[in-house]
Ligand code: B12
Ligand code: SF4
């Protein structure tokens, strides 16, 4: 392996229903189709050196997914971006490729910005629920995991949360049916607190229950900036001046 | 009339179901054509879950061929799991195609590929969800023609009520011909409605329209005769045979799913047909004669398919792949070409006698040396003569010994239980064979680290085979023999731990037997099972023997026939069989003679290498054996 390439890609539209395993198969095939000289691990059954950092759950769209490819020949990141993008099905879209610097990419992904569209939900009720959630110290929720039902706190990981009325955003048009947008910054912890865990928390503290399943999108992830309270671009390190 | 996408309505249901990705389409190399620009519209269905159906070659080939026709389009649909079925029912979302999520009922043809009878209940679910009446006679001009193909369509009688038509044999040319008939008929303004269309299809002689035939019965339940009930309908319908596989190099652009499927590789059929003459094998009997694809076409297809798909494994598919006249050159050529690219090669079915170690070495050169599979099928020498699987014990031991000494550690052996004339001792012979295999393996390697797995399934007599007259073994006997075999294997101190044992109980085989050799009266049982919730009968977690037996009892009560009558009853020579009017080219007298030879342990050779023994196929169908060698070699690819 002579070079590591860091890739930011999006998972959009109906392709949000891909699971983490679906994506890794699709990427491996796209890499082969694109003729990218991926490096292979040594050993009995060699596998391509592609690693994934914190994939968004099945059903969740994302504008900020990350993976890293080890290649056996130096490659031009821009060309890889274009080649990989055409080789992936539309909906898995490669946004940026950059040559890796030292340090682990996964370690930089400290928090995510999530957006939840809640069609049919009531804005006032959402605002009230968020207020009560933020006022609480702990909000215990349950989720069925591979190891059975688990209870954990969903409150502490939530750094901030805001409610927006989706109707206000389409200026000049008839307001559509009510729709709430929740935007939240959530720290990556163990066990991971996912947007639906937070939604469950809102229901538990304030009885807030949107009428249909949320449409969730990860907007960004990266190292948590202490001053803004938002995740910064994890590629800032690569983009900084100076020799690689 | 344009047709709207159902996707927005489906999308709202997807967060609530398991593995939603299987319903969204968008596979690489899939095709969405403009609805209004096409005249003939096919929905192709594989009646099982997406993960099984998507890789199916038959559907992929027809999909590509039909979409290449200018005025024709094809989309795909699969069986939906019960979780989505329930939501679709409550929300009123009909059966949809995965390509553009169009309602199946809006298409002209619903072509269903049956490689096994266990998909019949799933057909009913799809029809019902689509809003298509289950009974063909209740359909109107707004419903598609429901057309069956695939191996099980060689006896479509059990589902005759639900089908408008069926096609026997290779689908490439007949699918095009059917499209042409529909295009012309539509061009004339669809005169006479669906009955005239069906009539036009039937009169070609290559499409079976069940409702144009009446079945008459004897009082004792046997069939008296099957006759056309209107003029212009042929009394026999023939199978289709594609004669030059090099001219039909499909799939060119394999579908690459996002969801995980049972077959994650690019498969190329290297030949069709098989004349080894194994008497239990319906596939071998109905796909005669052998037609090879040439080494150069295989090479070109592999190259293009890998480039189009990004798959990292190539499967060389056929009924007995090591029998290709240039298999050595194919394997070596491909292994050379893809050396160092992490591309694996695999061969699904190997016969012990066709196996050679150089070949196996080529196949594992760029990949793993995981396991080898052989199918002696019968446990004793006598049994193997009955089924015409000409493998001697010495052959088998020699072959596996070589494999073990060349570094393979795991050998899988496939067998059947419940074969005609079988006795307990024939099945127990499997234990002896397995022990000898391990013993030889330990001697050859000087190590105890050799394993063998015995995998055994129940035998089901199939139409168009010499065993079509045979009595199927009852499930009590099968289960008892399987238990005794297990005890013989497990109880062995010296070898027991080195031998794995996988078996299925005998009950599902009885249902399969009912469906395989059933006639139109079985249709009511299928419907009753389906109404009672029967789905996904190929999946043990969904299959219920009791449900089938209860339904059969109810349907058959008071009549002349029952499940035993269809399964464990031996037929006599001149009994009219439900599929006798459907012609696979096989001479009935030859089949009967072969059945008689079977019970007297007489074997038959392979007509590829020995003189023709008059099975009847080639003269009836106007076909001939097409085999190499061509003497050509695969050239290395130039690396860019
Ligand atoms: C690959 C394979 C599998 C794979 C992939 C299956 C898949 N989804 O495709 C796996 C491993 C999953 C599998 C499983 C099974 N398989 Co399998 N499998 C095969 C194999 C090796 C190749 C199949 C193939 O692709 N053939 C090539 C294609 C092009 O042929 P085709 O599908 O028949 O299609 C052509 C025509 O039939 C026709 N056609 C088909 N559909 C339609 C539809 C219409 C409308 C029309 C007009 C025409 C048409 O046109 C096509 C082109 O000419 C065959 C052996 C063989 N060489 O055929 C066995 C074979 C088909 N399998 C067989 C069996 C028994 C099974 C299982 C039941 C095993 C088990 N006990 O679990 C399961 C059933 C799975 C299921 N639920 O469908 C048997 C079928 C038995 C029979 N008819 O006598 C075969 C023939 C092997 C054998 N020698 O016994 N199988
Ligand atoms: S007709 Fe003769 S040559 Fe043709 S498949 Fe039968 S035995 Fe072989």
Determine which single condition residue B:68 fails, assuming it passes every other condition in (1) in contact (Cβ under 8 Å) with a residue 24 or more places away in the chain; (2) away from every other protein chain (no Cβ under 14 Å).
(1)
Report the residue count in the range B:574-591 for those that are more than 16 Å from ligand 1 (Cβ to nearest atom), closer than 23 Å to residue B:156 by Cβ and part of a helix (DSSP H, G or I).
1
Could you tell me which residue of the range B:446-475 is farthest from ligand 1 (Cβ to nearest atom), considering only residues that are out of contact with any helix residue (DSSP H, G or I) (no Cβ under 8 Å at 6 or more places or on another chain), in a loop (DSSP other than H, G, I, E, B) and farther than 13 Å from residue B:567 by Cβ?
B:446
Test: residue B:595 is outside any loop (DSSP other than H, G, I, E, B) and more than 14 Å from chain A (Cβ to nearest Cβ):
yes
Count of residues meeting criterion [part of a loop (DSSP other than H, G, I, E, B) and at negative phi] in the range A:40-56:
9
Can you name the condition, by its number, that residue B:622 falls short on among (1) away from ligand 1 (no atom under 16 Å from the Cβ); (2) within 25 Å of the chain's Cα centre (by Cα); (3) surrounded by 13 or more Cβ atoms within 10 Å (Cβ to Cβ)?
(3)
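Is at least one residue of the range A:2-16 within 8 Å of chain B (Cβ to nearest Cβ) and within 18 Å of residue B:26 (Cβ to Cβ)?
Pass one, the range A:2-16, residues within 8 Å of chain B (Cβ to nearest Cβ): A:14-15.
Those left that are additionally within 18 Å of residue B:26 (Cβ to Cβ): A:14-15.
Yes, the range A:2-16 contains a residue that is within 8 Å of chain B (Cβ to nearest Cβ) and within 18 Å of residue B:26 (Cβ to Cβ).
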Determine if the range A:22-30 includes at least one residue that is under 27 Å from residue A:110 (Cβ atoms), assigned to a helix (DSSP H, G or I) and more than 11 Å from every other protein chain (Cβ to nearest Cβ).
no
So residue B:214 fits all but one of (1) under 14 Å from residue B:109 (Cα atoms); (2) without any contact (Cβ under 8 Å) to a residue 40 or more places away in the chain; what number is the exception?
(1)
Checking residue B:321 against (1) away from ligand 1 (no atom under 12 Å from the Cβ); (2) at pLDDT below 95, the condition it does not meet:
(1)
Read through the list (1) within 13 Å of another protein chain (Cβ to nearest Cβ); (2) modelled with pLDDT of 95 or more; (3) closer than 29 Å to residue A:85 by Cβ, then give the number of the only condition that residue B:15 fails.
(2)
Among strands (runs of 3 or more DSSP E) lying entirely in the range B:203-321, which contain 2 or more residues that are away from chain A (no Cβ under 14 Å) and over 30 Å from residue B:332 (Cβ atoms)?
B:213-217, B:223-228
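Of the residues A:36, A:50, A:80, which single one is modelled with pLDDT of 95 or more, within 14 Å of another protein chain (Cβ to nearest Cβ) and more than 26 Å from residue A:216 (Cβ to Cβ)?
On the way: A:50 fails: more than 26 Å from residue A:216 (Cβ to Cβ); A:80 fails: within 14 Å of another protein chain (Cβ to nearest Cβ).
Only one candidate qualifies: A:36.
Quick grid of which residues meet (1) more than 16 Å from ligand 2 (Cβ to nearest atom); (2) modelled with pLDDT under 95; (3) within 24 Å of residue B:388 (Cα to Cα):
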site	(1), (2), (3)
B:582	yes, no, no
B:594	no, no, yes
B:599	yes, yes, yes
B:612	no, yes, yes
B:633	yes, yes, no
B:640	yes, yes, no
For the range A:122-136, check the following and say yes or no: at least one residue is surrounded by fewer than 21 Cβ atoms within 10 Å (Cβ to Cβ), in a loop (DSSP other than H, G, I, E, B), at pLDDT 95 or above and more than 14 Å from chain B (Cβ to nearest Cβ).
yes
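The values are calculated or read from the model by the stated rules, or taken from the named source; none is laboratory data. This one's a predicted model, so the numbers in the text were calculated from it and none came from an experiment. Here the Cβ is made from the backbone with ideal geometry for all residues, glycine too, and neighbour counts use every protein chain on show.
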